1. Using only the Cα atoms of the stretch 246-317, what semi-axes does the equivalent ellipsoid have when each is the square root of 5 times a gyration tensor eigenvalue? Give whole Å, largest first.
2. Would you kindly enumerate the cysteines in the chain that have no other Cys beta-carbon under 4.7 Å from their beta-carbon?
3. How big is the Rg/Rh ratio for the stretch 18-119, C-alpha atoms only, Rh by Kirkwood, two decimals?
4. Report P(r) for the stretch 6-59: all Cα-Cα distances, bin width 10 Å, range 0 to the bin holding the largest distance, values in whole percent.
5. Can you work out the accessible area per residue across the stretch 11-152, with the rest of the protein chains kept in place, probe 1.4 Å, in square angstrom?
6. Starting from the stretch 40-137, pick out the chymotrypsin sites (Phe, Trp or Tyr not before Pro) whose DSSP state is loop and whose Cβ has at most 14 other Cβ atoms within 10 Å.
7. Using the Cα centre of the stretch 216-292 as the reference point, and only Cβ charges (+1 on K/R, -1 on D/E), how large is the resulting charge dipole? Debye, rounded to the nearest 20.
8. Helix 211-221 versus the longest principal axis of the chain: what is the Cα-based angle in degrees, 0 to 90, to the nearest 10?
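The values are calculated or read from the model by the stated rules, or taken from the named source; none is laboratory data. Note that the structure is a prediction, hence the values are computed from the model and not measured. Cβ coordinates were reconstructed from backbone atoms using ideal geometry, including for glycine residues, and neighbour counts include every protein chain displayed. Protein only, heavy atoms only, side chains kept; ligands, DNA and RNA dropped before computing areas. Shrake-Rupley method; radii C 1.70, N 1.55, O 1.52, S 1.80 Å.
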Amino acid sequence: MSRAPLVDGHGRRIADLRVSVTDRCNFRCQYCMPAEGMPWLEREEILCFEEIERLVRLLVGMGVEDVRLTGGEPLVRRDFPLLAAMLADIDGLHDLSLTTNGYLLERDAAALAAAGIDRLNVSIDSLQRDRFFQMTRRDALPQVLRGLEAAVAEPRLGQVKVNAVALRGFTEEEAIPFAEFARERGVQVRFIEFMPLDGDCAWTSDQVLPGEELRAIINAVHPLEELPREPSATARVFRFVEPVPGGGKGTGEVGFIDPVTEPFCSDCNRIRLTSDGLLRTCLFSLHETDLRGPMRAGADDDELEQIVRDAVWRKELKHRVGQAGFRQPARGMSAIGG
Ligand code: SAM
Ligand code: SF4
């Protein structure tokens, strides 16, 4: 059913939804979760597949076109490809994508493609095994790289992207290896600035490695040329000017997602649904809107639509990271759904 477009109080039309399908994860990345002591949601607090499907269908009817499934680690949710298939079936949904740490991707790549996932991003912070372990607290690089290969080899999945969180004092020496990895494998590697959404609440601005610095490091060795950008795109994407010596696909790219040093809030068309059914209108929202409670109390779609509209109308104009008075949200990235 088609409903009026979903628009916020600043005139931005909402077209992109991130859905967290679980708060659980098989990794413990330094910038995301504490090493231990993470409080998990109870099973009955988590939306079931039918509830997720109902809310996504409603939001697609209000003009959401792109849905990204995330977490926590989506692939640890049992029967996740089944959920993907239910969502892929929704009329009006243009693009269904997934963000994963890749650990279970060797097992799941074919099932995800068959379910109708259009694109996926794999998070990899280092191409060196010991440094990957340092960042994720799991010795899992070989398994993740096998998962990435399985996804790249899957013809039904579009271009596979790699996400690396950029941290001062760590990622500088990853820049060239990642650029060469992108060139040789024909993938897009994107560096994401570290945001104050870590489970330890230990973020400081001097740990942020600006995308501009990484770009300069890469450009000095492998000259880059910027590609045109959609207004609502989060990444600035660059291709390599020089061809790859000795062949290779030569289609690799590097991208920079710079929410701290170059915020893109004015064009933000995104909302988020947490795994326990709360609507978030900004990554840094201090307020969440409960959809699960009304849904389980019997609200019909028109009532849910009104709750969503009221929440979206109050979508934050911009985040205030780095400014006086900024408050980190109580939940970290793994619970919000990055
Ligand atoms: N577990 C999946 C994964 O790691 O790809 C999906 C969820 S994870 C929260 C989504 C993305 O958020 C990952 O690319 C991760 O690197 C990124 N991320 C997590 N914490 C972050 C932070 N504090 N700042 C910037 N990016 C972060
Ligand atoms: Fe897990 Fe992803 Fe967070 Fe790492 S970034 S701890 S893989 S949810």
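1. Square roots of five times the eigenvalues give 35, 17, 10 Å.
2. Cysteines of the chain left without a disulfide-compatible partner: Cys25, Cys48, Cys201, Cys265, Cys268, Cys282.
3. Here Rg/Rh amounts to 0.97.
4. 17, 34, 30, 19, 0
5. I get 39 Å² per residue for this part.
6. Trp40
7. 180 debye
8. Here the helix axis deviates by roughly 30 degrees.
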